[in-house]
Amino acid sequence: MTYSGAQQAKQARENLGKALGALQEDPNIPPDVLAVAQNIAQAVGALFEAERASSEPDGKASVRSALGSLSQTLALLQDVRGQHRGIATATETIAKAMSVLFPLTTVPSRAPSAPPPAQLPSRPPPTATASLNDGVAREPVEANLGATTESNFYVGFSGEISQGGVFISTYSILPKGTPVRALITLPGNLSTEANGRVRFVRDPMDMTSDASEPGMGIGFEGLTSDARDLILRFIRKRPPMFYDE
């Protein structure tokens with residue numbers, strides 16, 4: 001048995017080879033861009049594993065690994081200072097490769113054997129008592145992120161973290177669309193706060209999803225430059241998740 005997404009993985013890998021070449025063709029490639037090129041090479045290796053995978057779970061795991069490296073790559077490319085030949089080409093090519101790979105992670109490996117249980121009741125919308133400095137009533141939430149936590153930052157096809165957000169692993173799930181104020185704590189006693197809104201949820205009772213961690217994704221709204229810089233420091237060490245609407 002071979003992985004059903006092997007052909008798509010091969011297509012994405014070949015496209016990434018073009019992105020890698022576009023970056024490496026610059027004879028004056030700076031260290032920050034060189035680090036990005038190494039991330040692409042890691043994604044290519046993960047896709048080789050997906051092509052050779054003998055089962056659906058192994059293939060999906062390799063694809064997810066590749067998406068992690070690529071989401072980190074896009075975020076780092078957004079933070080590269082100055083103009084470098086090949087960055088625009090690489091960014092566009094990486095986004096196309098991710099558009100091929102992402103659907104592979106959203107298809108369940110197997111159909112549930114029975115109808116899923118009734119969903120847990122959602123928490124009621126926040127009251128006006130949580131209003132903060134932007135005049136919007138926001139529910140306070142906390143996100144504790146580390147090297148191996150289920151909670152993590154996420155980005156989309158743009159790779160820009162201010163257009164992404166943070167996934168909070170929790171069973172206390174708020175309804176989609178709820179405005180929140182997130183306190184984000186990071187290793188080294190670092191922390192920041194950010195306004196956001198619940199963009200997606202992962203219900204712990206959803207048997208049709210391969211995602212193991214319940215929680216909610218908070219999309220940033222008006223991320224400050226200081227918060228963005230702090231988040232990017234974390235992303236350089238740990239790849240963010242990838243989420244597309």
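Figures for the structure shown
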item: Taking the convex hull of Cα positions in the range 128-242, its mean projected area over all directions (nm²); result: 7.5
item: The range 6-106: relative contact order as a whole-number percent, Cα under 8 Å and 6+ apart; result: 42
item: Relative exposure of PHE220, PHE157, judged by other C-beta atoms within 10 Å (fewest first); result: PHE157, PHE220
item: Likely footprinting exposure, MET241, MET216, fewest C-beta neighbours within 10 Å first; result: MET241, MET216
item: Cα-Cα over 21 Å, subset of LYS18/LYS60; LYS10/LYS60; LYS18/LYS237; result: LYS18/LYS60; LYS18/LYS237
item: Net charge, PRO187 excluded, C-beta distance under 14 Å - Lys, Arg +1, Asp, Glu -1; result: +4
item: Ascending count of other beta-carbon atoms within 10 Å, so fewest first, for LYS237, LYS10; result: LYS237, LYS10
item: Stokes-Einstein diffusion coefficient of the range 6-106, Kirkwood radius over Cα pairs, 25 °C, 0.890 mPa s, in µm²/s; result: 183
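Bear in mind that the values in this text are calculations on the coordinates, not laboratory data. Remember, predicted model here, so these are calculated numbers, not experimental data. All Cβ positions, glycine included, derive from the backbone under ideal geometry; neighbour counts span all protein chains shown.
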